[in-house]
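Values in this text are rule-based calculations from the coordinates and carry no lab data. Predicted, not measured: the structure shown is a model, and the values here were computed from it. Counting neighbours? That spans all protein chains shown, and the Cβs are built from the backbone with ideal geometry, glycine included.
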2 protein chains.
Amino acid sequence: MPELRRDPVLGRWIIISKERRKRPSDFTIETHTSLGGFCPLCPGNENTTPPEVLAYRLGGDRGPNKPGWQVRVVPNKYPALVIEGDLGKEGEGLYDRMNGIGAHEVIVESPNHDESLTQMPPEKIFFVFKAFKERIADLEKDPRFRYVMVFKNYGRAAGASLEHSHSQLIALPILPRMIVSELAGSLSYFQYKERCVFCDIIRQEMQQDVRVVCQNEHFITITPFAPRTPFEMWVLPKQHSSTYCKLDDFHLLSLSSQFSETLRRLNACIPNVPYNFVLHTEPLRFGGVEHFHWHFEIVPKLTSIAGFEWGSGFYINPLPPEEAAEYLREAL
Amino acid sequence: MPELRRDPVLGRWIIISKERRKRPSDFTIETHTSLGGFCPLCPGNENTTPPEVLAYRLGGDRGPNKPGWQVRVVPNKYPALVIEGDLGKEGEGLYDRMNGIGAHEVIVESPNHDESLTQMPPEKIFFVFKAFKERIADLEKDPRFRYVMVFKNYGRAAGASLEHSHSQLIALPILPRMIVSELAGSLSYFQYKERCVFCDIIRQEMQQDVRVVCQNEHFITITPFAPRTPFEMWVLPKQHSSTYCKLDDFHLLSLSSQFSETLRRLNACIPNVPYNFVLHTEPLRFGGVEHFHWHFEIVPKLTSIAGFEWGSGFYINPLPPEEAAEYLREAL
């Protein structure tokens with residue numbers, strides 16, 4: 001059983017995933033599952049993954065765990081957290097731990113092994129984003145979970161261990177530190193100004209128009225004022241909303257189109273750049289708040305996290321976001 | 001001039017280091033200065049670095065910026081922050097920025113190009129640790145600075161761009177987020193318990209004796225209860241002290257001996273493993289506090305920071321610290 005442990009000074013939680021345990025001699029500098037060869041995510045190999053929890057099949061449905069799907073969601077075969085069991089919260093002297101209960105799922109984004117999210121048309125990306133929403137809504141019913149973190153690792157340098165285009169989600173029994181900080185920061189702004197800080201950011205960015213990458217009727221992509229890495233981007237809904245899960249199909253398609261353009265601009269600047277993205281939405285069963293605003297953060301892997309970043313929580317970025325935005329605007 | 005920028009939601013600061021700016025086509029997946037060949041840190045090449053700000057010469061002193069030194073501290077030739085100028089704090093709508101004023105120095109740990117810190121005897125490491133103390137004490141006199149972060153990147157994967165053994169320090173005009181969090185967390189514990197949380201950790205670790213790696217009369221090395229990476233270690237003084245700068249030579253030598261053993265144990269487990277270490281001491285001119293306890297954090301580079309970590313602030317660690325401690329204890 002994996003374990004969740006809390007640092008007694010920082011309150012930072014970590015997952016001890018013993019199932020992935022290794023002996024010292026097994027550690028290499030970077031650990032990677034080998035790429036190439038057999039792909040467990042390709043159509044026809046459905047029996048090599050745990051049974052699917054969701055799939056979209058467009059006509060000619062041959063039933064679950066058979067080919068014919070457009071997007072398929074399966075539990076991770078090597079999960080960081082496991083679904084069965086109770087939380088078993090307990091202390092150990094001054095330390096706190098609980099069982100590593102959670103869900104860890106893989107969203108297979110395309111049946112085509114070689115098709116990346118960047119190459120997919122918005123009409124296909126739509127099903128990926130719809131799957132995020134449906135899985136969050138389903139996991140929200142489990143009272144043990146407080147948050148679902150949706151994320152993607154693209155490229156080996158960004159942590160991907162499988163080539164076939166996929167994203168992941170992890171359902172957690174505690175609120176992640178980053179979400180707690182965003183909620184606290186945005187609440188404190190709201191208490192002072194009675195306005196959502198993200199709405200104010202969008203307003204200012206549209207006025208200044210130096211960090212806007214692209215926009216459509218409903219969504220905007222910006223390089224944030226204080227980006228951690230070169231070409232970091234945020235994709236936000238223009239209209240205030242604290243939860244991703246209220247998006248209807250019409251807005252999901254608009255998001256897909258905006259996200260697709262964003263990725264294509266990034267790829268045009270730095271072809272095939274490894275990146276991560278994460279979805280920040282309000283915690284499960286929060287019911288909508290005025291001070292928080294859901295968004296995606298896209299973080300290209302172009303700089304390394306070294307001692308200074310570990311020790312300080314500061315990031316050093318060689319590229320001003322105004323210049324990154326200029327490159328991205330001119331890229332297509 | 002570099003720039004410091006604050007994220008309006010999280011309060012997270014970042015450094016925009018325009019001097020290190022690149023065009024998109026110059027970004028590779030990992031950016032590295034080439035290793036091998038000419039070494040600006042080797043004796044005889046003193047004129048290729050900025051003039052030294054500190055050096056220890058043992059007999060036969062030929063004057064500054066000449067060979068004969070044991071440890072040498074020079075300003076970084078490509079600094080993330082610059083020493084000249086005023087802070088120039090200003091707003092830009094809802095954003096905050098200031099000039100990138102600070103110091104960025106390189107501590108050359110040995111005159112021998114091929115000698116790593118792990119290989120050096122404690123009597124030599126002593127001068128490295130003494131240099132940390134003297135440089136912090138000197139930079140403390142500059143009222144613009146609020147913190148000096150000492151850190152080391154060892155190995156390319158951990159961010160080192162030069163082979164020759166060295167550590168670095170960055171003096172900052174603001175308190176790093178990580179230090180603010182440690183101060184807040186430890187203060188909150190102190191207010192509840194009237195005891196230093198780190199002192200309590202040391203007490204519990206010595207009693208349980210499952211995460212203690214090694215210890216001497218004055219210092220202890222543990223694998224923390226909630227480590228971010230396999231083989232993460234903390235080195236702490238057994239006696240309460242909030243500042244590294246009060247160490248006398250006798251205790252600096254004891255620390256050198258403890259640190260040396262710690263690194264040798266790590267190296268015996270995973271030969272030549274890339275790692276980072278950081279020194280967490282109280283902010284400049286704090287004058288000693290009861291709730292904070294200085295320490296080193298050593299973070300081997302064995303896992304990658306991917307989407308989940310970026311998005312959540314959570315870490316997934318495949319190796320329980322109790323097992324890491326066992327490997328480290330048996331390593332020598």
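Comment: the Cα-to-Cβ extended label point of residue B:191, at 7 Å, lies 1.3 nm from its counterparts in the other copies, nearest first. Calculated from the alpha-carbon coordinates, region A:190-245 shows an Rg and a Dmax of 11.7, 32 Å respectively. Roughly how many Å is it from the Cα centre of region B:45-75 to that of region A:78-129, as a whole number? About 53 Å separates the Cα centre of region B:45-75 from the one of region A:78-129. When the scattering of region B:214-266 is computed by the Debye formula from its Cα atoms alone, each counted once and equally, what is log10 I(q)/I(0) at q = 0.14, 0.17, 0.25 Å⁻¹? Rounded to two decimals, the profile gives -0.37, -0.54, -1.01.
So, R0 is 51 Å and r is the distance between the beta-carbons of residue A:142 and residue A:331; what FRET efficiency does that work out to, to 0.05?
Working: r = 42 Å, r/R0 = 0.82.
Efficiency computed from Cβ-Cβ geometry: 0.75.
For chain A, the relative contact order comes to 17 percent (Cα pairs under 8 Å, sequence separation of at least 6).
Using a 10 Å cut-off around each Cβ, can you sort A:16, A:305 from fewest to most neighbouring Cβ atoms? Before the final figure, lay out the partial values.
On the way: A:16 27, A:305 20.
Fewest to most other Cβ atoms nearby, the residues stand as A:305, A:16.
Within region B:178-330, the proportion of C-alpha pairs whose separation exceeds 24 Å stands at 34%.
With neighbours defined as other Cβ atoms within 10 Å of a residue's Cβ, the residues B:192, B:315 order from fewest to most as B:192, B:315.
Here region A:1-140 was treated as a single set of alpha-carbon atoms; its pair distances binned every 5 Å from 0 give 2, 8, 14, 16, 17, 15, 12, 9, 5, 2, 1, 0 percent. Centre-to-centre, using Cα atoms only, region B:289-332 and region A:272-332 are separated by 24 Å. In chain A, the beta-carbon sitting nearest the axis that superposes A on B belongs to the residue given here with its distance in angstrom, A:305, 3. Rounded to the nearest 20 debye, what is the charge dipole size of chain B about its Cα centre when +1 sits on each Lys and Arg Cβ and -1 on each Asp and Glu Cβ? Charge dipole of chain B: 600 debye, to the nearest 20. Given a 10 angstrom Cα cut-off, can you work out which residue in A:62, A:97, A:156 is the most mobile in a GNM of chain A? Sorting by GNM fluctuation, first place goes to A:62.
Computed on the Cα trace of chain B, the radius of gyration divided by the Kirkwood hydrodynamic radius gives Rg/Rh = 0.95. Using Cβ point charges alone (K and R +1, D and E -1), the dipole size of the protein assembly as shown about the Cα centre works out to roughly 120 debye.
Comment: the Cα-to-Cβ extended label point of residue A:288, at 7 Å, lies 5.7 nm from its counterparts in the other copies, nearest first. Taking label points 7 Å from Cα along the Cα-to-Cβ direction, residue B:248 and residue B:200 give a separation of 3.2 nm. Among B:229, A:303, a tally of other beta-carbon atoms within 10 Å of each Cβ gives an order, fewest to most, of A:303, B:229.
The fraction of Cα-Cα pairs per 20 angstrom bin, counted from 0 for the protein assembly as shown, comes to 18, 52, 27, 2, 0 percent, rounded to whole percents. Using θ = phi - 60° in the Karplus curve 6.51 cos²θ - 1.76 cosθ + 1.60, the 3J(HN,Hα) couplings for region A:202-207 round to 4, 4, 5, 5, 5, 5 Hz; x is entered for Gly and Pro.
Region A:36-91: which GluC sites (Glu not before Pro) are DSSP loop and have at most 10 other beta-carbon atoms within 10 angstrom?
Numbers: sites: A:46, A:52, A:84, A:90; in loops: A:52, A:84.
Passing sites in region A:36-91 are A:84.
Find the cysteines in chain A that fail to meet the 4.7 Å Cβ criterion with every other cysteine, and list them. If one checks each Cβ against the other cysteines of chain A, A:214, A:245, A:269 turn up with nothing under 4.7 Å. A compact globular protein would have a Cα radius of gyration near 2.2 N^0.38 Å; the ratio found for region B:54-206 is 1.27.
Cα centroids of region B:142-164 and region B:188-235: 24 Å apart.
Pull up the DSSP beta bridges for the protein assembly as shown and report the antiparallel fraction as a percent, rounded to 5. It would help to have the intermediate numbers written out before the result.
Details: 102 of 110 bridges.
Taking every DSSP beta bridge with both residues in the protein assembly as shown, the antiparallel ones total about 95 percent.
Counting from the shortest, the label point at residue A:40, 7 Å from Cα toward Cβ, is 4.7 nm from the same position in each remaining copy. For chain A, adding -39500 (n - 2.57) for each run of n ≥ 4 DSSP H residues and dividing by the number of residues yields -8000 deg cm²/dmol at 222 nm.
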